[in-house]
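**Q** Structure incoming, see below.
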Amino acid sequence: MATPRKAPRYTAAEQQVEAPAAALPAAPVEAPADTTEAALCPCCGELLAWHEQPCPLPGAAAEAAPAAGTVIMRAAAVTYAYDLGQPVQPETQNRAYAVIWRGQLKERHPDTGWIHRVNVYRLNDGYWDCYREEELQVA
């Protein structure tokens, strides 16, 4: 018994058919508007990706006071200990290097389990990895 012949998975250029004009969009698709503003929280101005819960709107009723012994961690303004171009020295090295990039990592706090930000710095020391603030000292 002969096996049926399978259709090819591709279409040769000679067999391709032009799409009818009705199937094509009439006008070019516009690029989406800048989404940077939309990605910011209207309450605190930080990136929405950093939020696990929505911020209370300004003027909203204040929440009840937390129970005694409860630790509340608020997001602080972005402050870096070292400026770009500033020479710093890693604890494990004897030579100073300039800061070429700085940013933040999002991680859970070991005591509370809440997400917080940790400042990190990249130096011109030839390594691709970043250093935390506590691993650096002013040179």
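The values are calculated or read from the model by the stated rules, or taken from the named source; none is laboratory data. Quick caveat: nothing in here was measured; it's all calculated off a predicted structure. Quick reminder, even Gly has a Cβ in these numbers, built from the backbone with ideal geometry, and neighbours come from all protein chains shown. With ligands, DNA and RNA removed, areas are computed over all heavy atoms of the protein, side chains included. Shrake-Rupley method; radii C 1.70, N 1.55, O 1.52, S 1.80 Å.
**Q** For segment 112-126, how many residues meet the condition of being open to solvent by 30 Å² or more (accessible area, probe 1.4 Å) and in a strand (DSSP E or B)?
**A** Qualifying residue count, segment 112-126: 4.
**Q** I'm trying to understand the selection: among the residues of segment 127-139, which are open to solvent by 80 Å² or more (accessible area, probe 1.4 Å) and over 23 Å from the mean Cα position of the chain (by Cα)?
**A** Residues satisfying the conditions are Gln137, Val138.
**Q** Here is a follow-up. Would you say Thr92 is open to solvent by 70 Å² or more (accessible area, probe 1.4 Å), farther than 27 Å from Gly45 by Cβ and of a type in the set (Val, Ile, Thr)?
**A** It is true that Thr92 is open to solvent by 70 Å² or more (accessible area, probe 1.4 Å), farther than 27 Å from Gly45 by Cβ and of a type in the set (Val, Ile, Thr).
**Q** When the residues of segment 99-109 are filtered to those that are more than 10 Å from Tyr121 (Cα to Cα) and outside any loop (DSSP other than H, G, I, E, B), which remaining residue is most open to solvent (accessible area, probe 1.4 Å)?
**A** Here the residue is Arg108.
**Q** Six or more apart or on different chains, Cβ atoms under 7 Å: show the pairs whose first residue is in segment 105-128 and over 23 Å from Ala49 (Cβ atoms) and whose second is open to solvent by 50 Å² or more (accessible area, probe 1.4 Å) and part of a strand (DSSP E or B).
**A** Leu123/Ile100; Asn124/Ile100
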